[in-house]
Each structure stands twice: as structure tokens, then as C-alpha cells.
1. Determine which single condition ASP37 fails, assuming it passes every other condition in (1) loosely packed, with under 11 Cβ neighbours inside 10 Å; (2) in contact with a helix residue (DSSP H, G or I) (Cβ under 9 Å, 6 or more places away or on another chain).
2. Kindly list, by first and then second residue, each pair from a residue in the stretch 17-30 that is at positive phi and touching a residue at least 24 places away in the same chain (Cβ under 8 Å) to a residue that is exposed (fewer than 12 other Cβ atoms within 10 Å of the Cβ) and in a loop (DSSP other than H, G, I, E, B), limited to pairs with Cβ atoms under 9 Å and residues at least 6 apart or on different chains.
3. Among the aromatic types (Phe, Trp, Tyr), in contact with a His (Cβ under 9 Å, 6 or more places away or on another chain) and surrounded by fewer than 15 Cβ atoms within 10 Å (Cβ to Cβ) - does that describe any residue in the stretch 50-65?
4. Considering only residues that are over 16 Å from PRO82 (Cβ atoms), in contact with a strand residue (DSSP E or B) (Cβ under 7 Å, 6 or more places away or on another chain) and of a type in the set (A, V, I, L, M), which ones fall in the stretch 40-58?
Amino acid sequence: MYRDGANYKKYNEVVFLNNTEKTIEELEVIIKKALIDGKWFDATQWKLPDLHFIEYKWDPEIDHDWHEFLSVSESHKLPTSPLLLSKFLRYINP
């Protein structure tokens, strides 16, 4: 999720093909360890979609670059990312 300085929110989900043998619980621990202050991440560094509002003027006084992690869960949906989960994990924990 991205939350701008005026508290407007934009949500997204990313579905990876899990080519690891890691459980959801293990993945959550790995992701949370890589977060900034236990909550934030840089979408560009993590190779995830940037959710900044392009329809509004960027205000560097109140807007920021970080996105907010909400949760990880199992899904039966088709992958939405070209990255395999193993590659994504290398981006978040180089």
C-alpha cells in the first residue's frame, strides 16, 4: 500500500510463483526483517509496482518514497509478477 502525506491510500497485491519450500510463516518473518522500522519498504528496490499518485503534484514536505507492507498470504491466483519468489527474496535481502 502507498499512503501519501494527505493520507490517501492506494492498494495493490503481487502474486509470486513460490519456487521455494518456505512456508507463509517463514516468508512473513523474512519480509518483516527486511522492512524499514518494521513497516516500510522501497518498491523500486524490491522490484514491485510503484503506487505513487501520479495524478497529484508531489509535495516533498509531506509525501515520501516508501510503501507500506500489509500482509503475506497463500493464493491460488495466477502469478502477477514475472519474478519467481526466490528472486524476489534476493532483492529484499541482498
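The numbers here are math on the coordinates, done by the rules we state, and not lab data. Just so it is clear, the structure is predicted and the values come from calculations on it, not from any experiment. As a convention, Cβ positions derive from the backbone with ideal geometry for all residues, glycine included, and neighbour counts pool all protein chains shown.
1. (2)
2. That search, which allows pairs on different chains as well, returns nothing.
3. The first filter runs over the stretch 50-65 and keeps only residues among the aromatic types (Phe, Trp, Tyr), leaving 53, 56, 58.
Now drop any that are not in contact with a His (Cβ under 9 Å, 6 or more places away or on another chain), which leaves 58.
If we keep only those that are surrounded by fewer than 15 Cβ atoms within 10 Å (Cβ to Cβ) as well, we get 58.
Within the stretch 50-65, one or more residues are among the aromatic types (Phe, Trp, Tyr), in contact with a His (Cβ under 9 Å, 6 or more places away or on another chain) and surrounded by fewer than 15 Cβ atoms within 10 Å (Cβ to Cβ).
4. Hit for the stretch 40-58 is LEU51, nothing else.
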